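Trainee: Structure provided below as structure tokens; questions to follow.
Read-outs: derived from the displayed coordinates by stated rules, not from any lab. Fair warning: this is a prediction, and the values are worked out from it, not measured in the lab. Reconstructed Cβ throughout: ideal geometry from the backbone, glycine too, with neighbour counts over all protein chains shown.
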Amino acid sequence: MSCSITLKNLSLSRNGDTLFKNVTLSVGHKDKIAVMGPNGAGKTTLLKAIVGLCRVQSGTIEIFHHELITEDDFKKARGHIGFVFQDSDDQIIAPTVIEEVAFGLLNSRMKPAEAQAQAEAILAELGIPHLRDRITLHLSGGEKKLVTLASVLVMKPDILLLDEPSAGLDEKSVNQLAQILASIDKSMLIVSHDLDFVNKMGAQIKYLTPDGLS
């Protein structure tokens, strides 16, 4: 099976303390894998390491069987990866929903009319076209999460990394998000504390401990 993400014997320390060691994982093509574990286990740090936002002390990271070593390697890999942050407010930068979802496309020099059309299409696909002209600051937590997801998906990534996607959402929003993610045919690595949520997504579950994944 072709692997989207391959981690081999990753070890990472923070302030002299080992967060985790010997983390080995393969995320196959269109697999959905959830990483669970206690607070402070390094789950979010693991996601950041995959995109080069923090560096591991040892081990290897591969995207589509290409090892990532230099910053240029990670920069190229990021073009294939969509990262949904735990706190949507850290990710949303535009004043309105349509501007937010179209931002990445415009930044890649797509013509405005085409960018708007693609942004509207992804909002419709996620079932939130009614949010098009809403002020992002006034959205609920669940709405913000769906808008950040739309802004990531519109860039057509091959891999999704999601950090606590259900955190802070009400039950209706959690169920809606789980249903949407379950229907998306992409490789996913999800960090979560919410067992019910990842089960609804149909994700395989791994547990992160200081000694690796189990």
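Trainee: Compute the acute angle (0 to 90°) between the alpha-carbon long axis of helix 141-153 and the principal axis of greatest extent of the alpha-carbon atoms of the chain; round to the nearest 10°.
Mentor: Helix 141-153 sits at roughly 80 degrees to that axis.
Trainee: Testing the spin-label approximation: label points 7 Å from Cα along Cα→Cβ at ASP87 and GLN179. State their distance in nm.
Mentor: About 3.0 nm separates the two model spin labels.
Trainee: Label the stretch 107-167 by shape, choosing from rounded, prolate and oblate, from the square roots a ≥ b ≥ c of the eigenvalues of the Cα gyration tensor; if a/c is under 1.5 it is rounded, and otherwise prolate applies when a/b is larger than b/c, oblate when it is not.
Mentor: Working: a/c = 1.97, a/b = 1.22, b/c = 1.62.
Taking the square roots of the gyration eigenvalues as a ≥ b ≥ c, the stretch 107-167 is oblate.
Trainee: HN-Hα J couplings of the stretch 182-195 from phi, Karplus 6.51/-1.76/1.60, θ = phi - 60°, integer Hz, Gly and Pro as x?
Mentor: Working through the residues one at a time gives 4, 8, 7, 8, 9, 5, 9, 10, 10, 9, 7, 9, 9, 4 Hz.
Trainee: Something else about it: Between GLN86 and residues 5 or more places away or on another chain, which pairs have amide H atoms under 5 Å apart, with H built 1.01 Å from N, and which residues are they?
Mentor: HN-HN under 5 Å from GLN86: ASP163.
Trainee: Let me ask something else about it. Work out the charge dipole of the stretch 118-214 with +1 on the Cβ of Lys and Arg and -1 on the Cβ of Asp and Glu about the Cα centre, then indicate which of LEU161, ALA203, THR148 is farthest towards its positive end.
Mentor: Comparing the listed Cα positions along the dipole, THR148 ranks first.
Trainee: So what J values fall out for the stretch 166-181 if you push phi through Karplus, 6.51 cos²θ - 1.76 cosθ + 1.60 with θ = phi - 60°, rounded to Hz, Gly and Pro as x?
Mentor: The phi angles translate into 9, 4, x, 9, 6, 4, 4, 5, 4, 5, 5, 5, 4, 5, 5, 5 Hz.
Trainee: If you take every DSSP beta bridge whose two residues both sit in the chain, what share of them, in percent to the nearest 5, is antiparallel?
Mentor: Details: 18 of 35 bridges.
Among the beta bridges of the chain, antiparallel pairing accounts for roughly 50 percent.
Trainee: What full-extension length gain, to one decimal in nm, is calculated for ASP17 and ALA94 as 0.36 nm per residue of separation minus the Cα-Cα distance?
Mentor: Details: separation 77, 0.36 × 77 = 27.72 nm, distance 3.82 nm.
Value of the extension gain: 23.9 nm.
Trainee: R0 = 25 Å: FRET efficiency of ASN9 with ILE205, Cβ-based, nearest 0.05? Mind showing how you got there, number by number?
Mentor: Numbers: r = 21 Å, r/R0 = 0.84.
For R0 = 25 Å, the calculated efficiency reads 0.75.
Trainee: Can you return the aspartates and glutamates within cross-link range of LYS21? Criterion is Cα-Cα under 18 Å, with same-chain partners fewer than 8 residues away left out.
Mentor: GLU62, ASP211
Trainee: Also, quick follow-up: Give me the dipole magnitude in Debye, nearest 20, for the stretch 1-129 about the Cα centre, with unit charges on the beta carbon: positive for Lys and Arg, negative for Asp and Glu. List each step's numbers first, then the result.
Mentor: On the way: 13 positive and 15 negative charges, 101 e Å.
The calculated dipole for the stretch 1-129 is roughly 480 debye.
Trainee: While we're here: Given the peptides 20-26, 125-131, 170-176, arrange them by the average over their residues of other C-beta atoms within 10 Å, most packed first.
Mentor: Numbers: 20-26: 18.1, 125-131: 16.6, 170-176: 14.4.
Packing order, densest peptide first, comes out as 20-26, 125-131, 170-176.
Trainee: Charges only on Cβ, +1 for Lys and Arg, -1 for Asp and Glu: so what's the dipole of the stretch 83-177 about the Cα centre, in debye to the nearest 20?
Mentor: Values: 8 positive and 15 negative charges, 66 e Å.
Charge dipole of the stretch 83-177: 320 debye, to the nearest 20.
Trainee: Enumerate lysine pairs in the stretch 77-193 that are 8 or more residues apart or on different chains, then count those whose Cα atoms are under 20 Å apart. If you can, show how the numbers build up before the last one.
Mentor: Details: LYS111/LYS156; LYS144/LYS156; LYS144/LYS172; LYS145/LYS156; LYS145/LYS172; LYS145/LYS186; LYS156/LYS186.
Taking the stretch 77-193 as the scope, the lysine pair count is 7.
Trainee: Can you list residues whose amide H is under 5 Å from ILE5's amide H, if they're 5+ apart or on another chain and H is modeled 1.01 Å from N?
Mentor: VAL27, PHE64
Trainee: Stretch ARG109-HIS80 to full length: gain in nm at 0.36 nm per residue minus the Cα-Cα span?
Mentor: Numbers: separation 29, 0.36 × 29 = 10.44 nm, distance 1.74 nm.
Stretched fully, the ARG109-HIS80 segment lengthens by 8.7 nm.
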